Amino acid sequence: AQSVAQPEDQVNVAEGNPLTVKCTYSVSGNPYLFWYVQYPNRGLQFLLKYITGDNLVKGSYGFEAEFNKSQTSFHLKKPSALVSDSALYFCAVRDPRWGGATNKLIFGTGTLLAVQP
Amino acid sequence: EAEVAQSPRYKITEKSQAVAFWCDPISGHATLYWYRQILGQGPELLVQFQDESVVDDSQLPKDRFSAERLKGVDSTLKIQPAELGDSAMYLCASTSEGRLNTEAFFGQGTRLTVV
């Protein structure tokens, strides 16, 4: 069964420093991978996705993520953090092979990013 | 910019009462999802519609939860009777039909508190 893990409940970083939010996945085939951000009492906003092709994908607000098939990871990164980046970040995986019940999108438990001024 | 609309934003209800949430997906999106997000956890799929048909409701507690999308456009999720453990954020999302590589667009959610 497909699954996704976010090993860190919280990541603390100083403004201006690079940030990394970790995500690992478990899917039998080639996964579709997504990152979403959630601000307090709001829905999820799409940041970026990996479907195929270049392992480094760039997304909204200066975020990027690197797909690493051998390590089954899809870590979210940003070269220089902003205080406004403070939010809850979710990694999600979808198994696109036909036969999966609904090819459902499975979310991790989330990582709270706190950027200190 | 097109958005997924949800209402109400907040709902407080007493246990054993009935409660309903409404969702209007992005125009043209045939696939609609209802997720439940308990505080401190990731969203969990409750039900998925393709047009008016239920594709997956394996995680929907059918003894108290029901969902419908009669005309294949907007959708209603109902809980009857509500229990304290149902307190959560209920998120609706939509995607284009048959395009697994597209991102799901989420509404702002309904925060349910059962007292």
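Placing +1 on the Cβ of each Lys and Arg and -1 on the Cβ of each Asp and Glu in the range B:19-115, which of B:45, B:114, B:88 has its Cα farthest towards the positive end of the resulting dipole?
Toward the positive end, the furthest listed residue is B:114.
In debye, nearest 20: dipole of the protein assembly as shown around its Cα centre with unit charges on the Cβ of K, R (+) and D, E (-)?
For this selection, approximately 140 debye.
For the range A:3-116, restrict the atom set to alpha-carbon positions and state the Rg and Dmax in Å.
In Å, with Rg to one decimal and Dmax whole: 13.7, 45.
Go ahead and run the numbers for FRET between residue A:41 and residue B:7, Cβ-Cβ distance against an R0 of 22 Å, rounding to 0.05.
Computed FRET efficiency for residue A:41 and residue B:7: 0.90.
List the lysines whose Cα lies under 30 Å from the Cα of residue B:15, skipping any in the same chain that are fewer than 8 positions away.
B:62, B:78
Output wanted: per-residue J couplings in Hz (rounded whole) for the range B:103-115, from phi through Karplus 6.51 cos²θ - 1.76 cosθ + 1.60, θ = phi - 60°, x for Gly and Pro.
6, 7, 9, 9, x, 7, x, 10, 8, 9, 10, 9, 10
Output wanted: per-residue J couplings in Hz (rounded whole) for the range B:50-65, from phi through Karplus 6.51 cos²θ - 1.76 cosθ + 1.60, θ = phi - 60°, x for Gly and Pro.
For the range B:50-65, the Karplus-derived couplings read 10, 6, 8, 9, 6, 9, 8, 10, 5, 9, 8, x, 6, 6, 10, 9 Hz, x marking Gly and Pro.
Which value, to two decimals, describes the C-alpha radius of gyration of the range B:12-58 once divided by 2.2 N^0.38 Å?
For the range B:12-58, the normalised Cα radius of gyration comes out at 1.37.
If I model a spin label as a point 7 Å beyond the Cα along the Cα-Cβ vector, how far apart are those points for residue A:70 and residue B:80 in nm?
5.8
Using 0.36 nm times the number of residues separating residue A:60 and residue A:84, minus their current alpha carbon distance, what extension gain do you get?
That pair, residue A:60 and residue A:84, stretches by 7.3 nm at full extension.
With a cut-off of at most 11 other beta carbons within 10 Å, and DSSP calling the residue loop, which trypsin sites (Lys or Arg not before Pro) in the range A:6-92 qualify? Please list them.
Passing sites in the range A:6-92 are A:69.
Among the trypsin sites (Lys or Arg not before Pro) within the range B:1-68, which fall in a DSSP loop and have no more than 16 other Cβ atoms within 10 Å of their own Cβ?
Within the range B:1-68, the qualifying trypsin sites (Lys or Arg not before Pro) (loop, at most 16 other Cβ atoms within 10 Å) are B:9, B:15, B:62, B:64.
Output the antiparallel fraction of DSSP beta bridges having both residues in chain B, as a percent to the nearest 5. Could the numbers behind the result be given before it?
Details: 33 of 37 bridges.
Looking only at bridges with both residues in chain B, the antiparallel portion is about 90 percent.
Read-outs: derived from the displayed coordinates by stated rules, not from any lab. Just so we're clear, the structure is a prediction, and the values are computed from it rather than from any experiment. Neighbour counts are summed over all protein chains in view; Cβ atoms, including those assigned to glycine, are modelled from backbone coordinates with ideal geometry.
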